[in-house]
Structure formats: C-alpha cells, structure tokens
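The values are calculated or read from the model by the stated rules, or taken from the named source; none is laboratory data. In this text the structure is predicted, and so the values were computed from the model without any measurement. Using ideal geometry, Cβ is built from the backbone for each residue, glycine included, and neighbour counts are taken over all protein chains shown. Heavy atoms of the whole protein, side chains included, go into the accessibility calculation; ligands, DNA and RNA do not. Shrake-Rupley method; radii C 1.70, N 1.55, O 1.52, S 1.80 Å.
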Amino acid sequence: QERMPQTPLFAAMFDSSGYNRNLYQSKEDYGGLYYHDNNLLSGSLEALIQHLVPNIDYYPDRTYIFTFLLSSRLFMHPYELMAKVCHLCIEQQRLSEPGLDKNRIRKIAPKILQLLTEWTETFPYDFRDERMMRNLKELAQRIASGDEMYRKNVQQLLQNLIRKLATVSQYEEVLAKINATSTDRLTVLKTKPQSIQRDIITVCNDPYALAQQLTHIELERLNYIGPEEFVQAFVQKDPLDNDKGCYGDQKKTRNLEAYVEWFNRLSYLVATEICMPVKKKHRARVIEYFIDVARECFNIGNFNSLMAIISGMNMSPVSRLKKTWAKVKTAKFDILEHQMDPSSNFYNYRTALRGAAQRSLTAHSNREKIVIPFFSLLIKDIYFLNEGCANRLPNGHVNFEKFWELAKQVSEFMTWKQVECPFERDRKILQYLLTVPVFSDDALYLASYESESPENHVEKDRWKTLRFVSEV
C-alpha cells in the first residue's frame, strides 16, 4: 500500500519570513496563476481551485491547502468549493467510468483521501452543512468502491468527522445550559441578594489555583474555535458575484462569539466581586487577590484572562472607589498595567506574547506550551489585515499574497489552541466562575455608590435615578 503524503505540524507550516521559498514550484502552470520568485502571488479563482486538486503526479503543499480553504470562503460557500473539487477529481481521474482501472485508483486514491482528511480535520465545521456531507460521501464512496483497501480509510475519515461534530454540538449545549443557570441565579440574586452569593475568596483562596482554573476555561473555549470563524466574521459580498448575498450567518462564528462573551463575563465578575463587599478592607482584599491572580495568569501565558481582570478593575464603578484603592498595595498592579498598556499598538504586550510563543516552540511540557493571546486584539489584527488589502487585484485575480498573511496569523493561533491544559480541573471553582451571577452596569454603579458615596453632581444624579429604578 502506498503511504499517504505526510503533513507537518502547524508550527512548521509557515516559516517566519512569510513564504517558504521553494514551496510553489508547481510542475504545471494552469495558465491562471501568477508567480514571482516561486511565490504564488495571485491567480484566477478557477486556476486556484484547480491547484487544490491532486493528480497522479502532483499533491498540493499543505500550506497552500490551508491558505486556500481558509480564504476561499470570501468568494464562495465551502459547499460550492467542495462541489467543484469533487467534480474535478471525478472528471480528471475518470472516476465515473464503469471499468475503473485499479492501478490508476491506487495511485490517485491516497492523494484524494489525504486532501479530504486535511479538509475534515482542519475545517470540520464546514461539514455541518448537509450539502458538504453529501459531496464528501459521494467522492469518498467512489474511491472506496474502486478498491477494498480504501474502504477502511474512508470509514475512518467519516467516523472521525462525525465524532468531532457531535463533540461540538455537545459543547454548544453545555454553553447554553451554563448561560441559563447564571440567568436563573441572577433573578434570585436580585430578589434575595445575600441568600446565594458567596464570594470568590471563600470558593478559592489561592490565586494560583484560580489562575489555573481560568486557564482551563480559556483553553477549552479556544479549542472549539474553528480557524474559518476568523474569516467568516468579515465575509462581505464578493463584487464579482452580482446576486450573492453575504454569507456571514451567526452559526458560522458561534464559538468565536462565545469566547468573546467569556472575556466580558470575567471582567464583570471581577468588578462584581470587588463592588459587593460592604466593608472597605474586604474590598481592598479582593482587589489584592485579583492582582495576584492576574500576575499568575501572566506567568502561565494566559494573557486573555489577565486582560479581562485588568479591564474589570478599570471599570468606572471599581476605579472610582478611591478610599478602597488607598488601602491597596498597587505596585504589582502598576507592573501588570504597564505590560498590557495599549500605547504604541500594545508594544509591551506584543513583546511578552512573542516571548511566550518562543518559549512554547522549545517547550518540553504542556505547562510551558501555553500561549493564550489577548483575543480581542488578535481579532482586531486580523480585521485590519483583511480591511487593509483588497481580496481581488484590478485584473480580477485573487490576491493570494494577502491570504498568505491571513493564514500565517490564523495558523499560529491553531498551534496555541491545540495545547492540552496541564492543570487538574476543580469542578467547584469552575462551576463558580461559569455560573455565579454577575452585576449589570447599573447594579455595579449602585453597589459602588453604596460603598463610597457619590462625589459630584453627575454621580449624585445617577445614584438617585438608579435607586428609583431599583425600587420600582
């Protein structure tokens, strides 16, 4: 049996300088591809699709496969691309002919199977679309029917895919349950504030343990984000397709949105925990506790939780508590704020992130591999890269250079999201972090004014309004 083409790990896919210089010496030029120094710069959409399809003498490079599958959705639905790829495979390899040449099948089948494997493993969510599944099964069946040897491979591929899709559906159900639980608890909190509210320090008094459990949540949620969600978040109408509407429906970026919601929840949780205690010294203790948690997150490489904690502490209802802050030793907090300072386009944070990424590449343990980027900034970077360059060149060609850069950023994220969390799960702490009710903006201000009275007319008016609304 001929061995399947081997594929390297994500980290090895894109070299740091951009193009790996020898990747794109395609043996055949399909007429619609434009190269410079062996780098594929642009091509017609048809020629790029053709370049994705293997034949007996050629298999596309893995970086090309990832880049094209990631970015082609800016021009067409994945199911349309799948239909074209299937059609080309069947036509070119004459797979629809009754008397199939076994020898021919043996030469091409491993390559087609490998392409389908890479697609289903890297972009499994594309196959939540029944049209995708139909095409996949049809092509896989044709390969399997030609030779018993490939039937097992095809079954394996389909089973793995179905397992992945089942796992993501379960994850989405769990998220829905968690959201429902915290909403129910918030209703109880409003009617009997003291009855169910514990505070975070009684649940977990060790900042290091809390940072570890936050890292659990981060890595689990990161892991479910499909690479295509970054691109689908920005899908616009393709100017060359007159009648096609935008293809950015909600389902396509659901896990990315759930992750952004988690960041917001953590920020509000921090603010709630600080504003709730009645006594000043308790509030100061909670602030110092979160400063320690944030520092542990920084040491772990969990920049997303770190930034969420800093955001929570910088919310107005918290930052206005001057008497409370006067009791806090803020030196450690100043260092963290300096690390996450937004000036010079987050220069300090980007330097720390590069350091963590370097450490991750040479790491011997999962503990050292952890890199959890400040997610909103990652999305913003990808957004500006997308906005800053046209998808098509003036001659109608697809701007492949742009997609190369896009794929480079997303592939780095792919490496980070595959790290397994090395810390033990603590159900009690996780449960608290995910379901304890958090205050809304108004409830935070109300708690803040009750802790330290309003200082000026604006605050006094706001307090009056909030008290009036809460009594009604």
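Could you name every one of the helices (runs of 4 or more DSSP H) located completely within region 152-233 that has at least 3 residues being at pLDDT 90 or above?
200-203, 207-223, 228-232
When you scan region 449-470, do you find a residue that is crowded, with 17+ Cβ neighbours inside 10 Å and either among the β-branched types (V, I, T) or in contact with a Gly (Cβ under 9 Å, 6 or more places away or on another chain) (or both), even just one?
The answer is no; no qualifying residue exists.
Rundown of residues vs (1) in contact with a Pro (Cβ under 7 Å, 6 or more places away or on another chain); (2) of a type outside the set (S, T, N, Q); (3) in contact (Cβ under 8 Å) with a residue 24 or more places away in the chain, yes/no style:
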| site | (1), (2), (3) |
| --- | --- |
| L377 | no, yes, yes |
| F384 | no, yes, no |
| N399 | no, no, yes |
| V419 | no, yes, yes |
| D426 | no, yes, yes |
| H457 | no, yes, no |
| K460 | yes, yes, no |
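Could you tell me whether region 263-272 includes any residue that is under 14 Å from the mean Cα position of the chain (by Cα), at pLDDT 90 or above and within 30 Å of E412 (Cβ to Cβ)?
Yes, because at least one residue in region 263-272 is under 14 Å from the mean Cα position of the chain (by Cα), at pLDDT 90 or above and within 30 Å of E412 (Cβ to Cβ).
Scan region 267-286 residue by residue and report those that are in contact with a Leu (Cβ under 9 Å, 6 or more places away or on another chain) and surrounded by 22 or more Cβ atoms within 10 Å (Cβ to Cβ).
If the condition is that a residue be in contact with a Leu (Cβ under 9 Å, 6 or more places away or on another chain) and surrounded by 22 or more Cβ atoms within 10 Å (Cβ to Cβ), then L269, A271, T272, I274, C275, R283 are the ones that fit.
I'd like to check which helices (runs of 4 or more DSSP H) are fully inside region 260-352 and have at least 2 residues that are in contact with a Phe, Trp or Tyr (Cβ under 8 Å, 6 or more places away or on another chain).
In region 260-352, the matching helices (runs of 4 or more DSSP H) lie at 280-300, 303-313, 316-319, 331-339.
Anything in region 378-412 that is in a helix (DSSP H, G or I), out of contact with any helix residue (DSSP H, G or I) (no Cβ under 9 Å at 6 or more places or on another chain) and over 23 Å from A357 (Cα atoms)? List them, or say none.
E387, E401, listed by residue number.
Identify, by number, the condition in (1) at pLDDT 60 or above; (2) under 19 Å from L406 (Cα atoms); (3) part of a loop (DSSP other than H, G, I, E, B) that L70 doesn't meet.
(3)
Which numbered condition in (1) of a type outside the set (A, V, I, L, M, F, W, C); (2) open to solvent by less than 20 Å² (accessible area, probe 1.4 Å); (3) at pLDDT below 90 is the only one that N395 fails?
(2)
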